[in-house]
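Peer 1: Pasting a structure below so you can have a look.
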Amino acid sequence: ATPVTSPFAPPQETLVGKYGEGAKLIYELQDQGGELLALRYDLTVPFARYLAMNKITKMKRYHVAKVYRRDNPATTRGRYREFYQCDFDIAGQFDPMIPDAECLKIVHEILSDLQLGDFVIKVNDRRILNGVFAVCGVPESKFIPACSTVDKLDKVPWEEVRSEMVGEKGLSPEAADRIGEYVQLHGGLDLIEQLLQDPKLSQNKVAKEGLGDMKLLFEYLTLFGITGKISFDLSLARGLDYYTGVIFEAVLLQQENEHVEEPVSVGSVAGGGRYDGLVGMFDPKGRKVPCVGVSIGIERIFSILEQRLEASGEKLRTTETQVLVATPQKHLLAARMKLISELWDAGIKAEMLYKKDPKLLKQLQYCEDTGIPLAAIVGEQELADGVVKLRDVATRKEVRM
């Protein structure tokens, strides 16, 4: 079996059939032996496979790694064909909604700490969605296609979603209209209560279960103090097939101007949910391990941070170097090498220019350009006195030590 760190996985059994409409974006490869392989599409399926193959029933872990999608890149929006994701997952048999609430708390904490601006975490449940489809008269065979269409509601208006449901997915116009009444709702605990009283939905066993858990989730999120940024949103579907319960997606909001009532979404920066059936798909005996997890789109977040920096005109420091070892006269490379070696051995991050006799101005300019805060200068006088001149690059203050 390919280890969990490898970006390859045999697609026939591993990847295909887990991603719904995303399957067409899988990079398939054929190796020299004719074996069909694929580049991994996300970190969740390899994680589930790892749990099953190693018979692990309880695990809490994070994983940062590259994934690959044969998508149309949109680099300005941070959408690439090769990009990093950071996943956090909790696997194991636990009481309902406690690990799910923790996943949401983590997303909330990350997005708050990164100071990306205003955001909202939309939450829904596959069971509620399936219940909605059922009471609206959608046959079960069309749940997943209907799901992937509803998932487009954040990008296109309801009219387009409705026509795709009827035209391409073969739903009846009446069913589509009934779905429309539900999937345009969003709110909090009040909406959950309202739907629990809904004459049609409350009769559906699956939806009722989902709504009961959603209520519990909101109670826990209230205790964690984060409900201000959480929205129970019935249009949230998430396009992947493997979700079985709670699903969520974090969206950044952009206040374009003061006159707009509803803040505009910049796009999804994190998503996840519960996938209780996935590990069982890889286990020869079909043993299930319940899992819930979240994936943070690192590249998407980076592209937003970069745009912000550019707009503010701030200089981005791209090095952690603490000090540049510099010399003011010629023939002092040996002195620089000795000093930098001492600094390195002491665990201090130091650099020097790879030139035998660089000009002092050039060395100080390099500090300014790269944001290195200190320069340790050793000239003939300093060597004779057995000292080093330490210069603060920004203030130009110098001390001999």
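The values are calculated or read from the model by the stated rules, or taken from the named source; none is laboratory data. Since this is a predicted model, take the numbers as computed values, not measurements. Heads up, the Cβs are rebuilt from the backbone with ideal geometry, glycines too, and the neighbour counts pull from every protein chain shown. These area figures cover heavy atoms from the full protein model, side chains too; ligands, DNA and RNA do not enter into them. Shrake-Rupley method; radii C 1.70, N 1.55, O 1.52, S 1.80 Å.
Peer 1: If I go through the stretch 63-77 residue by residue, how many of them are modelled with pLDDT of 90 or more and either polar (S, T, N, Q) or touching a Cys at 6+ places or on another chain (Cβ under 9 Å) (or both)?
Peer 2: Of the residues in that region, 3 qualify.
Peer 1: Kindly evaluate residue 84 against the criterion of being touching a strand residue (DSSP E or B) at 6+ places or on another chain (Cβ under 9 Å), open to solvent by 80 Å² or more (accessible area, probe 1.4 Å) and either under 19 Å from residue 292 (Cα atoms) or free of Cβ contacts under 8 Å to residues at least 40 places away in the same chain (or both).
Peer 2: no
Peer 1: Provide a single number: the residues in the stretch 131-171 that are open to solvent by less than 30 Å² (accessible area, probe 1.4 Å), of a type in the set (Val, Ile, Thr) and more than 23 Å from residue 245 (Cβ to Cβ).
Peer 2: Number of matching residues: 1.
Quick grid of which residues meet (1) free of Cβ contacts under 8 Å to residues at least 12 places away in the same chain; (2) in a helix (DSSP H, G or I); (3) assigned by the TED database to the domain that holds residue 113:
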site: 192; (1), (2), (3): no, yes, yes
site: 199; (1), (2), (3): yes, no, yes
site: 209; (1), (2), (3): no, yes, yes
site: 215; (1), (2), (3): no, yes, yes
site: 220; (1), (2), (3): no, yes, yes
site: 231; (1), (2), (3): no, no, yes
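Peer 1: Another question about this same structure. Any residue in the stretch 172-180 that is open to solvent by 40 Å² or more (accessible area, probe 1.4 Å), modelled with pLDDT under 90 and more than 15 Å from residue 236 (Cα to Cα)?
Peer 2: No, the conditions are met nowhere in the stretch 172-180.
Peer 1: Is there a residue being in contact (Cβ under 8 Å) with a residue 24 or more places away in the chain, over 30 Å from residue 116 (Cβ atoms), surrounded by 13 or more Cβ atoms within 10 Å (Cβ to Cβ) and in contact with a Leu (Cβ under 6 Å, 6 or more places away or on another chain) anywhere in the stretch 353-362?
Peer 2: Within the stretch 353-362, not a single residue is in contact (Cβ under 8 Å) with a residue 24 or more places away in the chain, over 30 Å from residue 116 (Cβ atoms), surrounded by 13 or more Cβ atoms within 10 Å (Cβ to Cβ) and in contact with a Leu (Cβ under 6 Å, 6 or more places away or on another chain).
Peer 1: What are the residues in the stretch 127-168 that are at pLDDT 90 or above, part of a loop (DSSP other than H, G, I, E, B) and basic (Lys, Arg), if any?
Peer 2: Of everything in the stretch 127-168, nothing turns out to be at pLDDT 90 or above, part of a loop (DSSP other than H, G, I, E, B) and basic (Lys, Arg).
Peer 1: Here's another thing I want to ask about it. Could you tell me which numbered condition residue 349 fails, if it satisfies all but one of (1) under 30 Å from residue 302 (Cβ atoms); (2) open to solvent by less than 90 Å² (accessible area, probe 1.4 Å); (3) at pLDDT 95 or above?
Peer 2: (2)
Peer 1: Every residue in the stretch 21-77 that is open to solvent by 80 Å² or more (accessible area, probe 1.4 Å) and under 14 Å from residue 297 (Cα atoms), please.
Peer 2: 62, 75, 77, listed by residue number.
Peer 1: From the residues in the stretch 108-126 that are out of contact with any strand residue (DSSP E or B) (no Cβ under 9 Å at 6 or more places or on another chain) and either part of a helix (DSSP H, G or I) or of a type in the set (Lys, Arg) (or both), which one is nearest to residue 210 (Cα to Cα)?
Peer 2: 109
Peer 1: Could you tell me whether any residue of the stretch 170-180 is part of a helix (DSSP H, G or I), under 31 Å from the mean Cα position of the chain (by Cα) and without any contact (Cβ under 8 Å) to a residue 60 or more places away in the chain?
Peer 2: yes
Peer 1: Restricting attention to the stretch 305-327, report how many residues are modelled with pLDDT under 85 and either more than 22 Å from the chain's Cα centre (by Cα) or surrounded by 21 or more Cβ atoms within 10 Å (Cβ to Cβ) (or both).
Peer 2: Adding up the residues that qualify gives 9.
Peer 1: Is it the case that residue 266 is modelled with pLDDT of 90 or more, of a type in the set (Val, Ile, Thr), farther than 21 Å from residue 99 by Cβ and part of a strand (DSSP E or B)?
Peer 2: It is false that residue 266 is modelled with pLDDT of 90 or more, of a type in the set (Val, Ile, Thr), farther than 21 Å from residue 99 by Cβ and part of a strand (DSSP E or B).
Peer 1: May I pose another question? From the residues in the stretch 368-401 that are more than 23 Å from residue 316 (Cα to Cα) and assigned to a helix (DSSP H, G or I), which one is least open to solvent (accessible area, probe 1.4 Å)?
Peer 2: Taking the candidates together, the pick is 382.
Peer 1: So residue 200 fits all but one of (1) under 20 Å from residue 274 (Cβ atoms); (2) over 28 Å from the mean Cα position of the chain (by Cα); (3) open to solvent by 70 Å² or more (accessible area, probe 1.4 Å); what number is the exception?
Peer 2: Failed condition: (1).
Peer 1: So which residues in the stretch 94-105 are part of a helix (DSSP H, G or I) and either under 30 Å from residue 171 (Cα atoms) or open to solvent by less than 40 Å² (accessible area, probe 1.4 Å) (or both)?
Peer 2: Residues satisfying the conditions are 99, 100, 101, 103, 104.
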